[in-house]
Amino acid sequence: MGSIDIPKTQTVALVRSLGGEVEFKTDYPVPSPGRNEVLAQVLYSGVCQSDLHTKSGTAAGPDGNPITKIKLPHVGGHEGIGRIIALGPDITHETGVKVGGLVGIRFSSRICRRCEFCLAGAEQHCTNATNHLHHEDGSFQQYIALDADYLTVLPDDVDPAVMGPVLCAGLTAYKAVLNANVRPGNWLVVVGAGGGLGHLAVQYARAQGALVIGVDTGPGKGDFVRGLGAQEFIDFATEDPIKRVYEITGLGAHAVVVTAGNAKAFAHACEMLRVGGTLSCVGIPPGRPYLETPICTIVIKGLRITGNLVGSLKECMEAVDLVRRGVVKPVVKVRPFKDLPQIYEEMEKGDIAGRVVVQLTESA
């Protein structure tokens, strides 16, 4: 690609205080790529529930309390797709990083590569990491500087309009299915199957050969979830989901992936599982809820419980490849960047199906 004129300022969406209103600032500085960095022009960005909770000051930390150590003003976004337009002073084309290449802007921004978790290939838990939600400006801006050593380099033939949500929602769903440890022919239940995370979990589970039961409620959800490949759908508003799971599976599900942010869903999930089953937790209910399941149930049935915080770069590229090959098809709606405040309002009301992507570059 030819040379690009890089402006000095850009438009970003920010909040000045947690819980504040979204403000579009048109004179925000464009960063210059430093040593070991690249500058990317942001084309699209998915909008995630985590963006909403972070800007609202309600994002939960490991102890269940809201995370308050967040860079302000806060520029959110961690499901971005960009195109490299400039390289830092110490980067050469021999590194495989090139101007014009597509890159992902994920939750994790920088890692130490030396801690126990990085060395184990679980760098999303790096003890010295920074991320695009709490520490660095994210993808709700037109230009972004990225760490060249931890770059999510994407194939040239992917559709940038649909790939953004794969970097967080897709990766999380893929990781949850991996942790569910299902084999071909096993029954896997997805609770919240019609949502942004759930509809991807259904497809990643089918890609692993699982037989999928979707649980959700709402107009058209049944047809939508079955259209994704689920064998069965349970409307929890009109049916007893636990009873129906046993009617369908006989002994209960081999695994349940809970993408819904509802505490009761987790308790129900444990009751759906057969002996040796796995509860794969994704959704985070508001407040500090506890898993209300008798310990005797967990012990006697030999249940496994696993949590899922996005995934590694390796797992991200696996999730991306399944989308690139058409095995998994994210359902996204592209909207203008200026719609971001309205999108947040719709999220709070639960009015969004699938995933929403905002377009930041008109020529994308």
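The values are calculated or read from the model by the stated rules, or taken from the named source; none is laboratory data. Note that the coordinates shown come from a computational prediction; the quantities given were computed from them, not determined experimentally. Please note: Cβ atoms are built from the backbone with ideal geometry, for glycine as well, and neighbour counts cover all protein chains shown.
On inspection, G104 qualifies as surrounded by 13 or more Cβ atoms within 10 Å (Cβ to Cβ), modelled with pLDDT of 95 or more and assigned by TED's automatic domain parsing to the domain that holds E348.
For the structure I just gave you, tell me whether G229 is of a type in the set (G, A, S) and free of Cβ contacts under 8 Å to residues at least 40 places away in the same chain. So G229 fits the description; yes.
For (1) touching a helix residue (DSSP H, G or I) at 6+ places or on another chain (Cβ under 6 Å); (2) surrounded by fewer than 16 Cβ atoms within 10 Å (Cβ to Cβ); (3) not acidic (D, E), each residue gets a yes or a no:
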position: R325; (1), (2), (3): no, yes, yes
position: V332; (1), (2), (3): yes, no, yes
position: E348; (1), (2), (3): no, yes, no
position: A353; (1), (2), (3): no, no, yes
position: V358; (1), (2), (3): yes, no, yes
position: E362; (1), (2), (3): no, yes, no
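Would it be correct to say that P33 is over 26 Å from V334 (Cα atoms), free of Cβ contacts under 8 Å to residues at least 24 places away in the same chain and in contact with a strand residue (DSSP E or B) (Cβ under 7 Å, 6 or more places away or on another chain)? For P33, the condition - over 26 Å from V334 (Cα atoms), free of Cβ contacts under 8 Å to residues at least 24 places away in the same chain and in contact with a strand residue (DSSP E or B) (Cβ under 7 Å, 6 or more places away or on another chain) - is not met. Filtering G283, G229, G287, G185 for residues that are touching a Lys or Arg at 6+ places or on another chain (Cβ under 8 Å), assigned to a loop (DSSP other than H, G, I, E, B) and of a type outside the set (D, E, K, R) leaves a single hit, G229. For segment 182-231, the candidate set comprises residues that are surrounded by fewer than 23 Cβ atoms within 10 Å (Cβ to Cβ) and among the charged types (D, E, K, R); within that set, the residue that is nearest to the chain's Cα centre (by Cα) is R206. Among the candidates V332, V310, V299, single out the residue that is β-branched (V, I, T), under 14 Å from the mean Cα position of the chain (by Cα) and over 23 Å from V225 (Cβ atoms). Testing whether each residue is β-branched (V, I, T), under 14 Å from the mean Cα position of the chain (by Cα) and over 23 Å from V225 (Cβ atoms) leaves just V310.
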